[in-house]
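The structure under discussion appears below in the form of structure tokens.
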């Protein structure tokens, strides 16, 4: 299907996902109930990035920004997933990572602005920036998805990485779809993401 015809479907699907995401999921409090096995841990961790507006917005923004401005486009998302896993491991280990909530909020603001302005930078700088933000997202995930056994922990890490990569790929596909004819949509979406980041920071003040 040509991009021009498929765009309303893509935009509608993305709008539906965002609208279905509860803003109450912005807060990261306590831990989620543990699964009863390896498969439960994998499924719960895979779904986890989709259940909070902050995580979802940041990961989609990384994909859109990469598709629009970073070359090669896959390096920033790959760095994000790698450092997300590192952050998850820190959370699993019970390490206290300071400033998790402010950094997550800042990541939503900054990534939204990068999409809105379609800021170009060297891939190494882009990957480093994405990786720093990803570590704090991972630390929040790891603290919420603590595992009872090493096998369940490995399943949770795999699920988290795959769920995050899925959001990145979705963002990259959206970025490619709007790149030529509908660049304003990406700018508007980035601005909305930045506003969400400002809202999150205001709640922490």
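Quick check of the Kirkwood formula: for region 53-204, what is the inverse mean of 1/r over all pairs of different Cα atoms, in Å? Intermediate values should be presented prior to the final figure.
Values: mean 1/r = 0.0658 Å⁻¹.
After inverting the mean inverse Cα-Cα distance, the result is 15.2 Å.
Would you calculate the separation in nanometres between label points at residue 187 and residue 173, each defined as 7 Å from the Cα along the Cα-to-beta-carbon direction?
2.6
Using Cβ counts within 10 Å as a stand-in for footprinting exposure, how do 41, 66, 128 rank, fewest first?
On the way: 41 26, 66 29, 128 15.
With the sparsest Cβ surroundings first, the list reads 128, 41, 66.
Starting from 0.36 nm per residue, how many nanometres of slack lie between residue 125 and residue 162 once their C-alpha separation is accounted for?
Between residue 125 and residue 162, full extension yields an extra 10.9 nm.
Each reported figure results from applying straightforward, stated rules to the coordinates on display, with no laboratory input. Worth saying up front: this structure is predicted, and the values here are computed from it rather than measured. Reconstructed Cβ throughout: ideal geometry from the backbone, glycine too, with neighbour counts over all protein chains shown.
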